[in-house]
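Here, each number is a calculation from the coordinates, and none is a lab measurement. Bear in mind that the values here come from a model prediction, so they are computed numbers and not experimental data. Methodologically, a virtual Cβ is constructed for each residue, glycine included, from the backbone with ideal geometry; neighbour enumeration extends over all protein chains shown.
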Amino acid sequence: MTLVVMFGPPGAGKGTQAKILAEGTGYLHVSTGDILREAVAAETEFGLLAKEYMSRGELVPDNIVNGTVKEKLKTEAEASGLIFDGFPRNCDQAVEFDKMLAATGIKIDMVINIDVETSLLLRRLTGRRVCRTCQTTYHVDNLAGKEKCVCGGDLVQRRDDNAEVIEQRLKVYVEQTEPLIKYYTGKGLLKNIDGNGSVGNIASAIKELIG
Ligand code: AP5
């Protein structure tokens, strides 16, 4: 099995690129953010707990997130590839991920670090719109006045895409997630991608990396 980790700050384009890569390869896109948002919408026990942390822009406790990832590795063991998006998010999660992978015999092939200037991150996050029905992501700059998704669903702003929470998410990224760059560089797994360009150019660069 191929295992790719899509890494980068909030708004870097991890979800956008993971989706394109999944469509092109048949690999499964595993977004811990999407899994948590589904649990929040379904008002499950852990969804209700996660909601509190997500609405503040903080990381959901490791035991909750690690449990969902462990479950995915078990249920998707037959997949040809997995693309993790938003996990791991701190050093403890990375160490726990290594243990889970060692137990299943799967190895990380590559950690793709999408590097984007902070001013662009803010613009991307505040302008993001998501379809309430199918979760497709858009940006106001590319909507040309359209108010609906191609599926007909309403386009809404994510609850955590407001200035105050974005600031906190970026702070959490610098303090807790960015140190993983060193962790994965040390393991020889990190590949840097310039994420400041167009979606298409970044997707081509990632495709080239994957080979
Ligand atoms: P999560 O959903 O993972 O959010 P995030 O990391 O903050 O990342 P985003 O989804 O905001 O950004 P993205 O990089 O995917 O960008 P996108 O492609 O959408 O996590 C949310 C919350 O869940 C966390 O705060 C935490 O509470 C919790 N959580 C999740 N995982 C966790 C974990 N492992 N542990 C603990 N807690 C966890 O693009 C953004 C916008 O830019 C879009 O509008 C898009 O159209 C546009 N865009 C993308 N690329 C380009 C480009 N090249 N040019 C122009 N526009 C672009």
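So if the hydrodynamic radius of the stretch 142-187 is defined as the Kirkwood radius over C-alpha pairs, what does Stokes-Einstein give as its diffusion coefficient at 37 °C and 0.692 mPa s, in µm² per second? List each step's numbers first, then the result.
Working: Rh = 13.7 Å.
Estimated via Stokes-Einstein, D reaches 239 µm²/s.
How large is the translational diffusion coefficient of the stretch 74-133 in µm² per second when you combine the Kirkwood radius over alpha carbon pairs with Stokes-Einstein at 20 °C and 1.002 mPa s?
D = 147 µm²/s.
Measure out, as a whole number of angstrom, how far apart the alpha-carbon centroids of the stretch 190-211 and the stretch 18-58 sit.
23 Å
If I histogram all Cα-Cα distances within the chain using bins 10 Å wide from 0, what percent of pairs lands in each bin?
The calculated distribution, bin by bin, is 8, 34, 40, 17, 1.
What area, in nm² and to one decimal, does the C-alpha convex hull of the stretch 1-66 cast on average over all directions?
Taking the Cα atoms of the stretch 1-66, their convex hull projects to 5.2 nm² on average.
For the stretch 1-157, what is the percent of antiparallel DSSP beta bridges, rounded to the nearest 5?
30 percent
For a quick check: with amide H placed at 1.01 Å from N, whose amide H comes under 5 Å from residue 28's, ignoring anything fewer than 5 positions away on the same chain?
81, 82, 83
Ignoring solvent entirely, what values of log10 I(q)/I(0) come out of the Debye formula for the stretch 1-112 at 0.09, 0.14, 0.18, 0.23 Å⁻¹ when each Cα is a single scatterer?
Debye output, listed in q order: -0.22, -0.55, -0.93, -1.44.
Quick one: what Rg and Dmax do you get for the stretch 97-211 from the alpha carbons, in Å?
Every Cα atom of the stretch 97-211 included, Rg and Dmax give 17.2, 50 Å.
In nm, to one decimal, how far is the residue 199 label point from the residue 138 one, both placed 7 Å along Cα→Cβ?
Each label point lies 7 Å from its Cα, and together they span 1.1 nm.
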